[in-house]
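The values are calculated or read from the model by the stated rules, or taken from the named source; none is laboratory data. Just so we're clear, the structure is a prediction, and the values are computed from it rather than from any experiment. These accessible areas exclude ligands, DNA and RNA; they are computed on the full protein's heavy atoms, side chains included. Shrake-Rupley method; radii C 1.70, N 1.55, O 1.52, S 1.80 Å.
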Amino acid sequence: AAKKKIHRFKRRASPCRSHNCSLMLKPNGNTTKIPGLTHYNITLDKRLLKEGSNLAIAKTIIHKTLHAYMLMQLDRMRIERQYNDIAERLILLYQNTQVGQNKDANMTQHKLITEFVEAMAESLARYDRGQHTLEYYRLMSWGGLEKTDEYKALPEAEKEKIKRILYDELTKNRP
């Protein structure tokens with residue numbers, strides 16, 4: 001069932017089609033670069049695939065693909081010596097977070113991903129064929145960004161809505 005869900009997503013709206021990345025199943029999800037190659041693995045949590053809705057899986061794939069895209073842009077800048085907006089912004093954000101207490105590259109990427117919440121929401125709406133409001137997809141797109149200052153600055157009522165939506169979508173298929 002989990003592989004069918006991934007296949008259905010890849011066929012309908014996968015951002016991986018236009019990037020050099022692949023999807024895998026493992027106990028924990030992450031995005032990694034394959035050493036020596038310009039190829040990126042997106043690993044999805046098996047529990048997400050078993051218990052989560054198709055929309056929760058799609059949201060996670062979009063989020064993880066943004067991580068892969070950022071890594072790709074950094075590699076492109078390093079290999080081709082060609083600067084690009086995403087890589088430059090990531091480097092600047094990373095340098096700024098080094099000054100504070102956060103020295104986590106993943107957190108730096110999450111800070112940049114907060115700027116793509118609207119685009120993620122529109123992608124989810126397209127994937128889901130507009131079965132919910134754009135606001136629902138926007139709130140859902142904050143999933144995984146809870147440790148960022150941008151998320152923390154959201155009104156408490158909005159954060160409660162986000163938590164409720166994420167819980168509902170992540171437990172849709174729980175036995």
Response to the item:
Rg/Rh over Cα atoms for the stretch 99-167, Kirkwood Rh, comes to 1.01
Response to the item:
Of 76, 129, 164, 138, ordered by accessible area with the largest first and a 1.4 Å probe, the sequence is 129, 164, 76, 138
Worksheet item: Given the Cα-Cα distance of residue 76 and residue 160 and 0.36 nm per residue of separation, how much length would full extension add, in nm?
Response: 26.3 nm
Fill in: Listed pairs 46/147; 59/147; 46/161; 64/147 exceeding 20 Å between Cα atoms
46/147; 46/161
Fill in: Extension gain, residue 114 back to residue 167 (0.36 nm per residue minus Cα-Cα distance, nm)
17.1 nm
Worksheet, complete the sentence: In whole percent, the fraction of accessible protein surface over the stretch 112-173 that belongs to carbon or sulfur atoms, probe radius 1.4 Å, stands at 51
